[in-house]
Amino acid sequence: MLELSQITAGYGEFTALWDVSLRVDAGEAVAVVGPNGAGKTTLMRVISGLVTPRAGRLVFDSHDLTGRPAYAIVGRGIAHVPEGRRVFPALSVEDNLKMGAYLRAARRHHRESLEQVFTLFPVLAERRRQRAGTMSGGEQQMLAIGRALMSRPKLILLDEPSAGLAPVMVLRVFELVRRVRQEGYTILIVEQNVRQVLALVDRAYLLDVGKIRHEGRAADLADEAFVRKAYVGL
């Protein structure tokens, strides 16, 4: 479904990614793990069209999307849940969700998508008229994921969904991601909570200093001494 081939990208004279290649197959959940500054967020921004790669190729669903603008990539079925949630604090929960369905194709199914999100996350239905800025961090993350689902995506990008949350909320967010995956969505997740994310996904890539250092089945990576020591804390 998604394939990155030898992607190099950065900002100005700084290079954040060097010859990065990865793939995500339909129906998979795949993680990219690594320390701060490894290039994980840049990778997500390349996929969603917010950063144009200097070299390499991005193919999604048999379409070459290399260098395409962000709106075109959303239109192809990729939804990006950014780090920090980025909800509209002054808008209601329901209005935030409506913002996710701005594409013409998504607008046609707005009511159906809204009911799906409310079924998946009942608390959002209960608080549909509450201002998003008054919600907890975990609830805002739920809202950000729900907003992404409103675009009816084929692939969901989750950038550090547990960042900045209390430990009890981290567990709740991973349960939300598990619930979304059970609905059949394909997921690419960037995350520093390695122990939790490797228990959730099928495969994982280890990104360090802008390069892929390891890749494989999640269970196999969790057993590697280097990964355990550097990223799981064992």
Provide a single number: the residues in region 96-109 that are buried (at least 16 other Cβ atoms within 10 Å of the Cβ) and more than 16 Å from V180 (Cβ to Cβ).
4
For G39, indicate whether it is in contact (Cβ under 8 Å) with a residue 60 or more places away in the chain, farther than 13 Å from K154 by Cβ, in contact with a helix residue (DSSP H, G or I) (Cβ under 9 Å, 6 or more places away or on another chain) and buried (at least 19 other Cβ atoms within 10 Å of the Cβ).
no
Within region 91-116, residues touching a Gly at 6+ places or on another chain (Cβ under 7 Å) and at pLDDT below 85 come out as L103
Across region 184-212, what is the total count of residues that are surrounded by fewer than 19 Cβ atoms within 10 Å (Cβ to Cβ), in contact (Cβ under 8 Å) with a residue 60 or more places away in the chain and of a type in the set (K, R)?
1
Quick one: V20 ticks every box in (1) under 27 Å from F174 (Cα atoms); (2) part of a strand (DSSP E or B); (3) at pLDDT below 95 except a single one, so which number is it?
(3)
Could you please tell me which pairs satisfy a Cβ distance under 9 Å, a separation of 6+ or placement on different chains, a first residue in region 138-158 that is within 12 Å of M99 (Cβ to Cβ), and a second residue that is aromatic (F, W, Y) and in a strand (DSSP E or B)?
none
Scanning region 66-83 residue by residue, those buried (at least 20 other Cβ atoms within 10 Å of the Cβ) and either farther than 18 Å from V32 by Cα or in contact with an Asp or Glu (Cβ under 6 Å, 6 or more places away or on another chain) (or both) turn out to be I73, V74
Taking V33 as meeting all but one of (1) over 28 Å from G164 (Cβ atoms); (2) of a type outside the set (S, T, N, Q); (3) within 16 Å of the chain's Cα centre (by Cα), write down the number of the exception.
(1)
Test each condition in (1) under 21 Å from V194 (Cα atoms); (2) out of contact with any His (no Cβ under 9 Å at 6 or more places or on another chain); (3) not in a loop (DSSP other than H, G, I, E, B) for T15 and report the one that comes out false.
(1)
Can you give me the number of residues within region 124-140 that are crowded, with 18+ Cβ neighbours inside 10 Å and part of a helix (DSSP H, G or I)?
5
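Quick grid of which residues meet (1) surrounded by fewer than 23 Cβ atoms within 10 Å (Cβ to Cβ); (2) charged (D, E, K, R); (3) within 20 Å of R76 (Cα to Cα):
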position	(1), (2), (3)
Q116	yes, no, no
I156	no, no, yes
E160	yes, yes, no
A166	yes, no, no
List every residue pair whose Cβ atoms sit under 8 Å apart, with the two residues 6 or more apart in sequence or on different chains, where the first one lies in region 44-66 and is touching a residue at least 12 places away in the same chain (Cβ under 8 Å) and the second, anywhere, is of a type in the set (A, V, I, L, M, F, W, C) and loosely packed, with under 15 Cβ neighbours inside 10 Å.
S48/A70; G49/A70; G49/A72; L50/A70; L65/A72
Candidate set from region 56-65 (those that are surrounded by fewer than 15 Cβ atoms within 10 Å (Cβ to Cβ) and at negative phi); member that is modelled with the highest pLDDT
D64
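The values are calculated or read from the model by the stated rules, or taken from the named source; none is laboratory data. Treat the numbers as computed from the prediction; the structure is a model and nothing was measured. Virtual Cβ from ideal backbone geometry, glycine too; neighbours counted across all protein chains shown.
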